[in-house]
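The next block holds one structure in the form of structure tokens; read it before the comments.
The values are calculated or read from the model by the stated rules, or taken from the named source; none is laboratory data. A quick note: this is a predicted structure, and the numbers were derived from the prediction, not measured. Here the Cβ positions follow ideal geometry from the backbone for every residue, glycine too, while neighbour counts run over all protein chains shown. Heavy atoms of the whole protein, side chains included, go into the accessibility calculation; ligands, DNA and RNA do not. Shrake-Rupley method; radii C 1.70, N 1.55, O 1.52, S 1.80 Å.
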Amino acid sequence: MKEKDFEKYTIKEMPADERPQEKLIKFGPDYLSNAELLALIIRTGNSKGDSAIDTATKVLRSLRSANDSNGLNSLKNASLSDLMEVDGIGEAKAAMILAAVQLGIRLAVASNGTKIRVTSPSIAANYVLSEMSVLEQEHFRIMTLNTKKEINFIREISKGTINMTIVHCREVFRTAISDNAHSIILLHNHPTGDPSPSKEDIKLTKDLVEASKIIGIDILDHIIIGDNKYFSFLEEGLL
């Protein structure tokens, strides 16, 4: 069955051996079209009766361009708002798509041994945005970098309540030293969705920066993750 034929059916109305999940189980993921793979991620269609495959097809069509006839290449650069413009794609489904795309990018990087080089706050923020923006408690982490500013690891330092976490300077730098980090980026999330720094966030950043001068491990930025958006101390001139 060709991709365009899917629009005639809901998934339940399709023959069992033509349904994406059954096809994947029987033949493997390589056998599925782009729309079918995307349909398995979003799982459901919309209230107008479109199936998950209909909705997935619309997502790919919305991203098509002269240089990207099937929309797949543009998917890796799509934003949350881009995806939510498609009928049937709400915030939750858009977040799932972005998470799947980001996982694919990281797998591709890992498979060829290439590390991600952090040359701007947005690169560091986007690396953790999908995952950290949905955390229900506040987590404080550090991104450890090598001499080329390539990402080595993301390490969790502490986990708090819905609006507070306790960060000890010694744990931050003990972890950085253990990773042989040349520099680090501080990361934490605000479960409220607003990434604006609190007075405590600003004080903590200043304290850690002062300690970093003694220890000799640079702090390049402190990034706060909100509801699919971020605040960078470096971009805002606070570092």
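If you take the residues in region 84-105 that are in a helix (DSSP H, G or I) and among the small types (Gly, Ala, Ser), which one is nearest to the chain's Cα centre (by Cα)?
Our first condition is that a residue be in a helix (DSSP H, G or I); within region 84-105, this holds for 84, 91-105.
Subsequent filtering for residues that are among the small types (Gly, Ala, Ser) retains 92, 94-95, 99-100, 104.
On the way: ALA92: 13, ALA94: 11, ALA95: 8, ALA99: 5, ALA100: 8, GLY104: 11 Å.
Within region 84-105, the match that is nearest to the chain's Cα centre (by Cα) is ALA99.
With the requirement that a residue be open to solvent by 80 Å² or more (accessible area, probe 1.4 Å) and out of contact with any strand residue (DSSP E or B) (no Cβ under 6 Å at 6 or more places or on another chain), what does region 149-165 give you?
ILE162, ASN163, MET164
If you scan region 52-94, which residues turn out to be polar (S, T, N, Q) and open to solvent by 10 Å² or more (accessible area, probe 1.4 Å)?
Passing the criteria: SER62, SER65, ASN67, SER69, ASN70, ASN73, SER74, ASN77, SER79, SER81.
Looking only at region 162-202, which residues are among the charged types (D, E, K, R), assigned to a helix (DSSP H, G or I) and closer than 16 Å to PHE231 by Cβ?
LYS199, GLU200, ASP201, listed by residue number.
Hey, could you check region 211-238 for residues that are of a type in the set (Asp, Glu) and more than 19 Å from SER183 (Cα to Cα) and say which is least open to solvent (accessible area, probe 1.4 Å)?
ASP227
Would you check which residues across region 19-43 are assigned to a helix (DSSP H, G or I), open to solvent by 20 Å² or more (accessible area, probe 1.4 Å) and more than 16 Å from ILE89 (Cα to Cα) and list them?
Matches in region 19-43: GLN21, GLU22, LEU24, ILE25, LYS26, PHE27, PRO29, ASP30, TYR31, ASN34.
Among the residues of region 178-193, count how many are open to solvent by 30 Å² or more (accessible area, probe 1.4 Å), farther than 16 Å from ARG141 by Cβ and not polar (S, T, N, Q).
Of the residues in region 178-193, the ones open to solvent by 30 Å² or more (accessible area, probe 1.4 Å) are 178, 180, 182, 191-192.
Imposing the further condition that a residue be farther than 16 Å from ARG141 by Cβ reduces the set to 180, 182, 192.
Right, trim to not polar (S, T, N, Q) and you get 182.
Final tally of qualifying residues: 1.
Look at ILE97 and say whether it is buried (at least 17 other Cβ atoms within 10 Å of the Cβ), of a type in the set (Val, Ile, Thr) and closer than 30 Å to ILE151 by Cα.
So ILE97 passes the test.
With respect to ALA95, is the statement that it is in contact (Cβ under 8 Å) with a residue 40 or more places away in the chain and under 16 Å from ASN34 (Cβ atoms) true?
Against the criterion (in contact (Cβ under 8 Å) with a residue 40 or more places away in the chain and under 16 Å from ASN34 (Cβ atoms)), ALA95 does not qualify.
Please verify whether SER196 is closer than 29 Å to SER81 by Cα, of a type in the set (S, T, N, Q) and exposed (fewer than 14 other Cβ atoms within 10 Å of the Cβ), treating the condition exactly as stated.
Yes; evaluated as a whole, the condition is true for this residue.
Being of a type in the set (Ser, Thr, Tyr), within 25 Å of HIS190 (Cβ to Cβ) and either touching a Gly at 6+ places or on another chain (Cβ under 7 Å) or in a helix (DSSP H, G or I) (or both) is true for just one of SER74, SER81. Which residue is that?
SER81
Which condition number in (1) in a helix (DSSP H, G or I); (2) without any contact (Cβ under 8 Å) to a residue 60 or more places away in the chain; (3) open to solvent by less than 60 Å² (accessible area, probe 1.4 Å) is the one that MET143 fails?
It is condition (1) that MET143 fails.
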